[in-house]
Amino acid sequence: MAEESRLLSAQAVVVGAGPAGLTAAIALAVGDVETVLVAKRPERPDNRTSALLAGSVAALDVLGVWETCREHAAPLRVIRLVDDTRRLLRAPEVSFSASEIGFDAFGHNIENRHLIAALEARAAELAHLTRIDVPATALTPDEKAIVLELQDGRTIAAQIAVGADGRKSLCRAAAGIPTDGFTYPQAALTLNFAHARPHRDVSTEFHTETGPFTAVPLPGNRSSLVCVVEPAEAERLAALPVETLSEIIERRAHSILGKVAVEPGRGVFPLAVETAGRFAGDRVVLVGEAAHVVPPIGAQGLNLGLRDAATIGELAVAARRDGADLGSTALLAHYDRLRRPDIASRTAAVDMLNRSLLADFLPAQGLRGVGLYLLDQIGPLRRAVMREGVAPSAFEPRLMRGEAL
Ligand SMILES: Cc1cc2nc3c(=O)[nH]c(=O)nc-3n(C[C@H](O)[C@H](O)[C@H](O)COP(=O)(O)OP(=O)(O)OC[C@H]3O[C@@H](n4cnc5c(N)ncnc54)[C@H](O)[C@@H]3O)c2cc1C
């Protein structure tokens, strides 16, 4: 390789081609920002699904991705919460319907493999986007640029690096950003299953003493499962023969979906919270799990990640139009300010929900029951909570509102 081709340059470089990184790279390139996407193939296939809320679907639609996702996604029109604990104080059953807030659906559930394939296909079409399938090994920011080193010896100089490189983010470490977090005594078993009865676009969440057991619709008579239990129990369930596991899942779902047939592909994910101390600094902005990890409760994780991607897309595209530096201190501080309230409030809400389930403390159980009772009975409160669940009342990026950058 000629020496010149070992020194590349771009306006922006995105590190990590998971769903958050791909979306950020597409948003930048669609807005004519010269972008390089640096990718490392994941170690194992992702068998999870993502419940994408209405704003995320709108953003993917504007970016030209949703059209390819549509046939693989199932609408979530009703969310049903059922107290399946054997406790003294049990909460009433509550159902939320998207039509109550004028939505056709709260969002859509799609297998990550289909979402990633649609994002990759769209990324490949864009003239301003170059993908390099070589891991990044180091980043060095200075006053004028940030220089990224790749494993094959090439380097890329850019004005800004978007760190979408997941939980063990190299970008976050290079910018000297610490994280704060903790683990829960829980793990999520994930799998997909076919069932005899239709789900009728209803997602059902059974609240158990160890965490939620949630069946989320997929197209046809199929659903995805997130079953939160103690870590050893998750491993035990994941290792069971298919017939035994199918019977257990049918029993835990109280047969609402009829006979269950578990499909190949199971995952076990320890539950944790991890939040970056800052979401930007030293020409690096963090998106997706490089910035925040939340438990898979209430479908918040990737929806937050897509809002990060849409926000940096919006700020960087505006800076390019103004001929400004995409990695300026002012732009980075603006990004941090915009993302902080959304990430902090969602992380706190998911944590509170999870803890209220785990609590053996009678008053805490009572409070949860009263909370759900009020939600069931008071229309305006119900609708406010539903609206906030679908879209944040704080800053909502243009893409989430269905507007182009
Ligand atoms: C059980 C479970 C269920 C979930 N369900 C939902 C849901 O229904 N809805 C929802 O919104 N969220 C959900 N989430 C959260 C969601 O899955 C995550 O937020 C999302 O996958 C994170 O995407 P990401 O792109 O930030 O990170 P990742 O998907 O981790 O991508 C990071 C990428 O960076 C790459 N990388 C790392 N280091 C380098 C390097 N040095 N150079 C180049 N590339 C690198 C990795 O190979 C990887 O491809 C769930 C999570 C769990 C655990």
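The values are calculated or read from the model by the stated rules, or taken from the named source; none is laboratory data. Everything numeric in this text was worked out from a predicted model, so none of it was measured. No Cβ is skipped: glycine too gets one built from the backbone with ideal geometry, and neighbour counts run over all protein chains shown.
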For this session: For Asp342, indicate whether it is in a helix (DSSP H, G or I), modelled with pLDDT under 95, on the phi < 0 side of the Ramachandran plot and not basic (Lys, Arg).
Result: yes
For this session: Within the stretch 80-91, identify whether any single residue is closer than 23 Å to Gly220 by Cα, touching a helix residue (DSSP H, G or I) at 6+ places or on another chain (Cβ under 8 Å) and among the basic types (Lys, Arg), and answer yes or no.
Result: no
For this session: Evaluate the following for Ala105: is it surrounded by 19 or more Cβ atoms within 10 Å (Cβ to Cβ) and either charged (D, E, K, R) or assigned to a helix (DSSP H, G or I) (or both)?
Result: no
Exercise. What number of residues within the stretch 126-168 satisfy the criterion of being surrounded by 18 or more Cβ atoms within 10 Å (Cβ to Cβ) and hydroxyl-bearing (Ser, Thr, Tyr)?
Worked result: 1
Exercise. Before we move on, is Ala291 within 12 Å of the ligand (Cβ to nearest atom) and within 30 Å of Thr140 (Cα to Cα)?
Worked result: yes
For this session: Being assigned to a strand (DSSP E or B) and within 11 Å of the chain's Cα centre (by Cα) is the filter; apply it to the stretch 267-303 and report the residue that is surrounded by the fewest Cβ atoms within 10 Å (Cβ to Cβ).
Result: Val293
Seminar exercise, completed: (1) crowded, with 17+ Cβ neighbours inside 10 Å; (2) more than 26 Å from His254 (Cβ to Cβ) all hold for Glu67 apart from (1)
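Matching residues to (1) within 19 Å of the chain's Cα centre (by Cα); (2) more than 24 Å from Val229 (Cα to Cα); (3) away from the ligand (no atom under 13 Å from the Cβ); (4) modelled with pLDDT of 95 or more:
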position	(1), (2), (3), (4)
His114	yes, yes, yes, yes
Thr137	no, yes, no, yes
Val147	no, yes, yes, yes
Ala158	no, yes, yes, yes
Val162	yes, yes, no, yes
Glu205	yes, no, no, no
Exercise. Which one is nearest to Ala188 (Cα to Cα), of the residues in the stretch 247-266 that are within 25 Å of the chain's Cα centre (by Cα), touching a residue at least 40 places away in the same chain (Cβ under 8 Å) and surrounded by fewer than 17 Cβ atoms within 10 Å (Cβ to Cβ)?
Worked result: Gly265
Exercise. Taking the stretch 165-203, which residues are more than 16 Å from the ligand (Cβ to nearest atom) and among the hydroxyl-bearing types (Ser, Thr, Tyr)?
Worked result: none
Problem set entry | Out of Gly305, Gly298, sole residue that is near the ligand (Cβ under 10 Å from one of its atoms), among the small types (Gly, Ala, Ser) and within 26 Å of Thr210 (Cβ to Cβ) | Gly298
Exercise. Only one of (1) in contact (Cβ under 8 Å) with a residue 24 or more places away in the chain; (2) over 30 Å from Gln11 (Cβ atoms); (3) not acidic (Asp, Glu) fails for Ala291. Which number is that?
Worked result: (2)
